[in-house]
Amino acid sequence: MIHDALLVLWDCSHGDVSSAEPVLYANEGDAEIYSRICSIAKSHHRIQNFIAATSFHSRKLQTASNIRNFGLYGQALSEGITEVLQSYKKALVKVEKLVIGNKDYTLTFVYSHVEKFQGLFNTINKIISTIKERRLSGCEILSLTHQNILNGNEMVHSAILRMFSCINNVFINQLCAWLLYGELKDPYEEFFIYRNKKDDLSETVLSTPSISNTCDKTLVTTLQQTSLDCGYNINPGMIPYFMPLSLAQEILFIGKTVILFGFDPRKVKRSNITLNSTLMPLHKLDYDSRRFTIWEEKEAEFHNKLQQLKEPEVFEVYNLRCVVREIKECVTKHLWTVAVEEAHLLHELRLMKDFYLLGRGELFLELLRLTAHMLDKPTTRTSTRDMNHAFQLAARAVFLSNSADIEKFSFELPYIKPIADATANSSLDDDSSVDGWSTIILKYDFKWPLHLLFAPEVLARYNDMFRLLLRIKKTQHDLHALWKTYKQTRRFAVCQLHNKLMFLMDNLQHYLQADVLESNFSRLMDAVNKTNDFEKLKAAHATFLADILSQSFLTTTTSERSEGGDSSGDGVETITNPVFVNIMDLLKLCDSFCSMSEFASDREAEDYYIKGYSDRFNKLVKQLTQLLVCLRDRACGAYLARLLMRLDYNRWLSAEAELTRSLTHMLRC
């Protein structure tokens, strides 16, 4: 009877261990003891089946058959369970020796040696059942095992800790390869970082910038997180439960940066590999062409610190965070050195201000003189070529043609194919979105690795600012050009409207250039000079760009439609900033006034148009003042108030809006 029990415990019985009838052969009470032994044997049998299914040979067979039930983490769990079961096998060997030496031992003696494993087997089977039921894999298995470490049974605690250590070895090896070398060694897609599918990747690492100016309340976060897309992302479901999302994002950032510097164009061996503004697909470059010089002599130090995390007594989230922070600090300092000292980031920021933010006013004034007639019309197939030629002529006129900085900038005017439908054409007759002013794109050929800072989304925002400033500059120039026409006229209504429009455009332009751009750019340069951390520099630049967009009223908000009957779309609509709409209406009014001579054939017609323009101007000014009252308690109200304080000089705007109280008095309320 004892030998039958030992065979069952060794998992040598291929039949049903509960089918035997020990009552016929055993003493009274042995049936219950034998049943308990069979229960332990069945638990051990289920564990052995899991080990067989997740072993190395089984995984190889599944891989050959394109079946991936369990990967490296499942195999590591299997190896950990096998190590834990060694104590069980040693206990059985000990019992066998004792039984052979003394034939008087009973089933109770055997059960007393294996009873202590019942709790361990139940815990392991619980883990196995959870893995099968939830179909867990990879880091999910790591999280599940870590959750079962805390146990009141000392033997169970030690065993689960050993199993976790085996799984953790795989996790740390993958983490080490990603952090130090930018390699994702994850053939079974079990790591919390994954590589996008080929269908989701473009031919280059950088995407084409969009011309949309839609943003929401998280504009600063969006601009700060826009960085190099190396085709890798985070799988939130695979993040271990003990790891915060912020730590996972830092790990992703470090690996992407290592990949970036692995393809540094200055250190690539092959001369035919160039990285100007885009990167080649990673799979097209050989490993031999990459040189990881980012760590220098610290690579061995970081590697040892990561390997120490394999020890269960050392592995803590705090220790992992400390190592990741040290690695990230080294990465950001290296980024700072390359971007600021070698790529001359401060100079590039000043170039962004000079060109995108119209800091070189004389250049763009000359450019407007050459291209205003072109931008007023819909774009053609040759618009881009003509615009760039005019840009070179304007640079030559202001003595900038020999500057190397001019070569970094170029224009693009996307060609919009006319719609053949007559009804569609009639609906687009008055749409200003098809002219050059709303579609012009200023392109910037920056140095490597400044694409981490000037991502496509960031350049799209800069182009939004550029289009607004260029439009205001053009309108202001046209109004000043009319001064010669109306300076000697005796028609008071025309002169008065002309002066009002000039006063409005001059103050609007001064507000944007002085109050918005100069003040925020000074704060940006102060922040850059006070730090040597690239991440802080990137955050300061994102804040700068978000501030100038907000203070220029270019930001839009999104709201959800709550109507229950609305079944179309996703229920989200975009609301354009009303101040921006008002300013664009004023610009259109100014353009119409400047071109009045083209359609006003006689004095009577001119008086008619002047009367209409004056009424329209007074209406728009009144709307502007009402927006101040409505929006002064919001975030953009302070900037709107700053603009209107300039416009309400000597209470002129208050009088035009027919207000009983001045704007200055309302702002003090």
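Rule-based calculations on the coordinates, nothing more; no lab input. Note that this is a predicted model, so its numbers are computed, not measured. Note that we place each Cβ from the backbone using ideal geometry, even for glycine, and neighbour counts take in every protein chain shown.
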### Message
I want to check the label-to-label distance for LYS298 and LYS89. Put each point 7 Å from Cα in the C-beta direction and report it in nm to one decimal.
### Response
4.5 nm
### Message
Only four residue types carry charge here, +1 at the Cβ of Lys and Arg and -1 at the Cβ of Asp and Glu. Report the dipole size of the stretch 336-383 about the Cα centre in Debye, rounded to the nearest 20.
### Response
320 debye
### Virtual spin-label span in nm between ALA397 and SER158, 7 Å along Cα→Cβ
8.7 nm
### Message
Checking the table LYS185/LYS310; LYS353/LYS473; LYS353/LYS588; LYS89/LYS132; LYS256/LYS310; LYS132/LYS310 against a 20 Å threshold on Cα-Cα, which pairs fail?
### Response
LYS353/LYS588; LYS89/LYS132; LYS256/LYS310; LYS132/LYS310
#### Entry: Residues whose placed amide H lies under 5 Å from that of LYS443, excluding near-sequence neighbours
SER410, PHE411, GLU412
### Summary
Nearest-0.05 FRET efficiency for HIS3 and ARG325 at R0 = 60 Å, using Cβ-Cβ distance, is 0.50
### Task
Taking 7 Å along the Cα-to-C-beta vector as the label spot, tell me the THR130-LYS333 distance in nanometres, rounded to one decimal.
4.1 nm
